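Notes follow once the structure below has been shown.
Taken together, the values in this text are just the output of simple stated rules run on the coordinates, not laboratory data. From a predicted model like this one, the values you see are computed outputs, not experimental measurements. FYI the Cβ positions are ideal-geometry reconstructions off the backbone, even for glycines, and counts take in every protein chain you see.
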Amino acid sequence: MGNGGDEALLATLLQMLPAQITPIVLSGNPAETAKRYGVHAVPRKRLGPVLAALRQADLLILGGGSLIQDATSWQNPIYYSGLLILAQGLGLKTLAWAQGIGPLHHRLSRALGRYALGHCSGVSVRDSGSTTWLARWQVPGMQAPDPVWALQSTPVEGLWDLPAPRVAVALRPHPWLTESRLDQLTQALAGFQKATQTCLLLVPFQPSKDLPIAQYIQPRLPGPSRIYTLDDPRQLKGLFRGVEMTIAMRFHALIMAAAEGGRGFALSYDPKVAHLMADLHWPGFDLNVATPPSDPAQRWPESVEEMTQRWLDIYANGAPLTPDQIQFRVDPALRHQDMLHDGLGLACSLSSRHQGSADQPGI
């Protein structure tokens with residue numbers, strides 16, 4: 001669907017798959033996915049092609065991300081849990097890979113998630129909140145950092161020609177990011193840029209949704225800036241290698257910034273961002289208007305000046321993760337790969353037994 005975080009998860013998954021595996025990707029834009037990654041892709045919402053793909057396969061991997069949750073839409077757990085249940089009914093082995101589970105407000109969402117994940121051959125999750133759901137459902141699983149920590153990054157041509165120092169900003173639309181708050185953020189960014197003489201890089205992770213925000217902010221900045229819309233998630237991660245600090249709502253923007261050795265400031269709109277802030281010990285503001293944060297330092301500031309000053313403090317005194325701290329997350333993130341290979345070994349064994357051959361499975 002053109003979301004940089006989802007694309008990064010797919011790129012990481014393909015990076016982790018053994019070379020002899022033939023992947024079939026369910027995509028919101030099959031032609032673009034096939035071109036970008038050199039894989040076969042089918043439209044994810046067309047039942048006929050999805051069924052045909054499943055019937056060719058031996059294993060379904062439910063790719064990473066916050067899929068089993070109904071905060072964004074009640075349709076999410078129905079579609080993704082339903083996909084697992086359909087594959088299981090067709091006799092495929094199923095793996096839930098690098099999942100973020102919850103929030104789950106509705107009884108049907110919880111029932112579907114529990115049943116679908118409970119019948120998987122393997123489950124890995126990326127945060128403690130998801131582990132709590134598995135424990136509540138008595139579903140065995142493994143927790144490790146988000147796989148994008150281990151994604152290989154590539155340089156962005158021309159980035160180093162832009163004025164330094166550089167700061168990245170990755171915002172997304174959300175009901176809590178109201179027009180007045182966006183205006184406050186824009187004024188605070190302008191004040192921050194005047195004080196630091198930085199070049200601001202506006203990074204729409206999902207251009208169809210995020211680009212209008214970047215286009216609103218850019219003409220209101222007093223100094224140099226550039227909007228970066230990068231299709232290749234490896235380049236997207238590489239972009240953060242060239243910035244000093246990142247201010248972001250986007251979950252994977254914060255992970256990429258941390259993994260590439262930058263400082264970060266989070267704008268939290270979702271439990272996954274709050275979990276990441278706690279793990280990294282990074283500061284941030286909470287956008288939640290219904291439930292104020294327990295930590296006063298995370299409350300949304302009342303003034304532009306207060307917001308600017310918090311960013312200036314982090315820019316001047318904040319510390320990025322050390323190489324050892326980064327590796328401490330990259331190494332366990334590779335446990336998602338171990339879970340994949342265990343599941344693939346089981347699928348290969350069953351496929352060979354049923355077919356009387358050593359053919360590798362389609363996924």
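The table below lists the values:
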| item | result |
| --- | --- |
| Packing-based exposure ordering (other Cβ within 10 Å, fewest first) of 55, 310 | 55, 310 |
| Dipole axis of region 159-323 (+1 Lys, Arg; -1 Asp, Glu on Cβ), positive-most option in 233, 323, 291 | 233 |
| Pairs beyond 24 Å (Cα-Cα), from 35/93; 93/209; 209/272; 194/272 | 35/93; 93/209; 194/272 |
| C-alpha long axis of helix 47-56 to longest principal axis of the chain, angle in ° | 60 degrees |
| Spatial separation of Cα centroids for region 224-271 and region 12-42, in angstrom | 24 Å |
| Cβ-based charge dipole, region 74-195, positive-most Cα from 148, 97, 158 | 97 |
| Shape parameters for the chain, alpha-carbon atoms, Rg then Dmax in Å | 21.0, 70 |
| Dipole in debye (nearest 20) - the chain, about Cα centre, beta carbon charges: Lys, Arg +1; Asp, Glu -1 | 840 debye |
| Relative contact order (%) - criterion: Cα under 8 Å, at least six apart; region: the chain | 19 percent |
| Sorted by Cβ density within 10 Å, fewest first, the residues 199, 120 | 199, 120 |
| Cβ-based exposure ranking for 142, 245, 16, in which fewest neighbours within 10 Å come first | 142, 16, 245 |
| Quotient of C-alpha Rg and 2.2 N^0.38 Å, computed over region 1-155 | 1.00 |
| Packing rank of 174-184, 160-170, 1-11, where each peptide gets the mean count of other beta carbons within 10 Å, highest leading | 1-11, 160-170, 174-184 |
| Value of Rg to Rh for region 159-323 (Rh from inverse mean 1/r over Cα pairs, i.e. Kirkwood) | 0.92 |
| Value at 222 nm in deg cm²/dmol, rounded to 500, when DSSP H runs of n ≥ 4 in the chain each add -39,500 (n - 2.57) | -14500 deg cm²/dmol |
| Most positive-pole-ward Cα, 271, 18, 200, against dipole of the chain from beta carbon charges | 18 |
| Principal-axis tilt of helix 107-118 within the chain, Cα atoms, nearest 10 degrees | 60 degrees |
